Amino acid sequence: MPEQLVFAMEVTLNGLMTGVMYALVALGFVLIFKASGIFNYAQGVMALFAAMTLVGIQQGRVPFAHVINEIFGTDIHYFGWEVPALLAILLTVIVMIAFAYLVQRFVFKHLVGQEPIILFMATIGLAYFLEGVSDLMWGSEIRNLDVGLPQGINDWIDVTTFEALGYGFFIDNLDIAATLIAAILVIGLIAYSQYTKNGRAMRAVADDHQAALSVGISLNYVWVLVWSLAGIVALVAGIMWGSKSGVQFSLSLIALKALPVLMLGGFTSIPGAIIGGLIIGVGEALFEFAIGPMIGGATENWFAYVLALVFLVFRPQGLFGEKIIERV
């Protein structure tokens, strides 16, 4: 088997794994947009906030330590204990649910019926506010995140793949774990939306707000639920990206890479977010492998956006999005 073909197969597999990571962020966008029509620019910052909160809880850090020390002249940074990973994740989930309630109670409850651009601008303000709160709560240092996920090159795949031909694949254990977790998460979200009372309420609100109100469905409750689910998805994405590259403020920029994913898959489709992520991940990896060396490399920075632009021209609703028909 030609060596270049083996390398291309390895690049494809790693692209699929990276695409799953993109899709995890895009899922949060889809959940909120589908139920409320709000494009949540703050989704990437939510992943950052969730990851920083998880690390802070794990390490027993004192929230707002810098502010407290400045005001009272103390020098306290840690409580003196460490929290097990599973308990820290559960506590972070509670924090993200509380965040969802506060966002709905103090922001979007007062913007019901406003134009989409106003809601979008509100999420931009929310993103910068949350980024500032993250800095005040936990500081801006880069931190390692370890929740027990396997990391490093998978030895079994490396040893056994094309062993007779002298070739091997280099696949990261963390990418494999992320793929499995993403698959479980998507299956769980689809099952939740299809077979539970709350899931049916979410779909009813997504279809028609007024009709949902007329049958006794609380919009406030559904939107808190949706933002809570988006917060949990952001936590999962933050864990994966934080474990891979460290918890740092650049983590919030992964939301930008989720935009092409949404344009390809559609803003209202959970499976579309996954398919779009896989297409972007594989596409940019193969393009860099085949074309990148000819044009100077670094094509991962722009390939996804060019591909999304092509989709916008020929299929604006994405592969799985609902075509919008307005009657005049």
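The values are calculated or read from the model by the stated rules, or taken from the named source; none is laboratory data. Computed from a prediction, not measured in an experiment: that's the story for all the values here. Here Cβ is always computed from backbone atoms with ideal geometry, including for glycine, and neighbour counts include all displayed protein chains. What goes into the accessible areas is simple: the full protein's heavy atoms, side chains included, and nothing from ligands, DNA or RNA. Shrake-Rupley method; radii C 1.70, N 1.55, O 1.52, S 1.80 Å.
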Open item on the list: Suppose all protein chains stay in the model; what accessible area per residue would a 1.4 Å probe give for the chain, in Å²?
Closed with: 50
TODO: State the percentage of accessible surface on the chain attributable to carbon and sulfur atoms; use a 1.4 Å probe and exclude ligands, DNA and RNA.
DONE: 68
Open item on the list: Just to confirm my numbers, what's the Cα centroid distance between the range 244-279 and the range 197-239 in Å?
Closed with: 20
Task: Amide hydrogen neighbours beyond the local backbone of PHE64, cut-off 5 Å, H modeled - done: MET137, TRP138
- [ ] Taking the Cα centre of the chain as origin, sum charge times position over the Cβ atoms of Lys and Arg (+1) and Asp and Glu (-1), and report the length of that vector in debye to the nearest 20.
- [x] 1320
TODO: Place +1 on the Cβ of every Lys and Arg and -1 on the Cβ of every Asp and Glu in the range 3-314, take the dipole about the Cα centre, and give the residue among THR196, GLY296, LEU259 whose Cα lies farthest towards its positive end.
DONE: THR196
Open item on the list: If packing is taken as the average count of other Cβ atoms within 10 Å, what order do 212-219, 26-33 fall into, highest mean first?
Closed with: 26-33, 212-219
- [ ] May I ask you to order 306-317, 14-25 by the average number of other C-beta atoms within 10 Å around their residues, highest value first?
- [x] 14-25, 306-317
Open item on the list: As a test of the formula, what do you get for the chain when each DSSP H run with n ≥ 4 contributes -39,500 (n - 2.57) and the sum is divided by the residue count, at 222 nm and rounded to the nearest 500 deg cm²/dmol?
Closed with: -22500 deg cm²/dmol
Open item on the list: Within the chain, which is the longest segment that contains none of the trypsin sites (Lys or Arg not before Pro) sitting in a DSSP loop with at most 13 other Cβ atoms within 10 Å?
Closed with: 1-322
Task: Structure-derived percent of Cα pairs over 38 Å apart: which label, when the choices are [x] 10; [y] 20; [z] 33 - done: [y]
TODO: Can you tell me the FRET efficiency between GLN114 and TYR78 if r is taken as the Cβ-Cβ distance and R0 is 41 Å, rounded to the nearest 0.05?
DONE: 0.40
- [ ] May I ask which residue of GLY272, LEU180, HIS110 lies farthest towards the positive end of the charge dipole of the chain, with charges of +1 (Lys, Arg) and -1 (Asp, Glu) on Cβ and the Cα centre as origin?
- [x] HIS110
